[in-house]
Amino acid sequence: MVRPELIGFGPFFSSQLSLEELQSSLVGRAVAARGRSLLVQFPDGAHAVLVPGRLRAEGVLPVVGDFVVATPGPDRTVARVLERRTWLSRNVAGGATAEQVLAANVDVVFVVQGLDEGPNPRRLERTLAAVHAGGAEPVIVLTKPDRAEDLAAALAEARGAAPAVEVEVASGLTGEGVAALAARLRSDRTGVLVGPSGAGKSTLVNALLGREAQRTAPVRGSDDRGVHTTTGRELFLLPAGGALVDGPGIRELRLWDASGLDATFEDLAAIAARCRFRDCSHGSEPGCAVREAIADGHLDAARVESHRKLALELERQAARREGGAARVERARWKAVSKALRRLPRERGR
């Protein structure tokens, strides 16, 4: 039986279950990875569940936040993963081209940056593009306000990089702004924190939970850089309802999906729509509304350049993905052709 203890479970997910599954299987939510197994929250508590090799081979590995159907009994095994409603993903770090889903079925993504280093507009734009692509609501959270040289200027800089996104100031140490974040995680909502190491994510998790659930450490004194204290993603149930996912700091966020770019640069798209030419590159073409907006001070040239670089990165990544798909298809037909050539010989035996 599915009960309300499964935070975020609703009609979108229940409609994917057959009557047989409702009667003979268990439904739970993945809360942490445990090597080849998965810690899953069921109505009767959290249990370690085996992830079979079949799912690994099919490329449908469950991640934190997923709802899974599992076989009952002492040795519970994931039978299937329910379709995701939203997600946060990136291209895997390094040189490979593959999607890595960081968290599934999240309603709000808290994009965390520490004011000891100041907001990073280009990192914000990149992260917001990933959030929009997965369908979740982004909220920018600026931590360590006591370390800001000019708080008003930092807020203005963050809002300039994300005109349509709410910006919150919060401190897990003093409690400032924590209630505003908790209000976004009412009983049926799940949030995830994303940002670089040392930004204060785990401290915020502890403040929202009201207990020391995540280990924290001060930044390194020699260079003020963040220290990795969280080694794996984990979903926590909040005392007042809702859930929150914390995970390691992200050093490299390569975009996987281009669909979030327009929402991230909605202001730029609105201005570009007034250009004389539909395919205006905002270079030397006459009647370019974007260049006019930059000259008038209504648009930051660095933001336009950031959009250009991200769009180019996504174009190159899409080409690599198409090339990889073509190689897979060629390999498949090569195997088919080899099997067909063997048929006459096998029939003649």
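The values are calculated or read from the model by the stated rules, or taken from the named source; none is laboratory data. Treat the numbers as computed from the prediction; the structure is a model and nothing was measured. Positions of Cβ are generated from backbone atoms using ideal geometry, with glycine treated the same way; all protein chains shown enter the neighbour counts.
Could you list all residues from segment 93-119 that are surrounded by fewer than 17 Cβ atoms within 10 Å (Cβ to Cβ) and touching a Lys or Arg at 6+ places or on another chain (Cβ under 8 Å)? Of everything in segment 93-119, those that are surrounded by fewer than 17 Cβ atoms within 10 Å (Cβ to Cβ) and touching a Lys or Arg at 6+ places or on another chain (Cβ under 8 Å) turn out to be Ala93, Glu99, Gln100. Considering segment 50-68, the residues that are outside any loop (DSSP other than H, G, I, E, B) and at pLDDT 95 or above include one that is surrounded by the most Cβ atoms within 10 Å (Cβ to Cβ), namely Phe67.
Here's the yes/no breakdown for (1) loosely packed, with under 11 Cβ neighbours inside 10 Å; (2) modelled with pLDDT of 95 or more; (3) closer than 26 Å to Asp262 by Cα:
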position	(1), (2), (3)
Glu292	no, yes, yes
Ser306	no, yes, yes
Gln317	no, no, yes
Arg321	no, no, yes
Val328	yes, no, no
Ala331	yes, no, no
Lys334	yes, no, no
Arg341	yes, no, no
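When you scan segment 78-93, how many residues do you find that are assigned to a loop (DSSP other than H, G, I, E, B) and within 19 Å of Arg254 (Cα to Cα)? Don't jump to the end; show me each part of the working.
Within segment 78-93, the first condition is being assigned to a loop (DSSP other than H, G, I, E, B), and the residues that meet it are 82-86, 92-93.
With within 19 Å of Arg254 (Cα to Cα) added as a condition, the list becomes 86, 92-93.
Counting residues in segment 78-93 that are assigned to a loop (DSSP other than H, G, I, E, B) and within 19 Å of Arg254 (Cα to Cα) gives 3.
Checking each residue in segment 120-147 for being more than 21 Å from Gly198 (Cα to Cα) and of a type in the set (D, E, K, R) picks out only Glu137.
Only a single item in (1) under 24 Å from the mean Cα position of the chain (by Cα); (2) in a loop (DSSP other than H, G, I, E, B); (3) modelled with pLDDT under 90 is not met by Ser284, and it is number (1).
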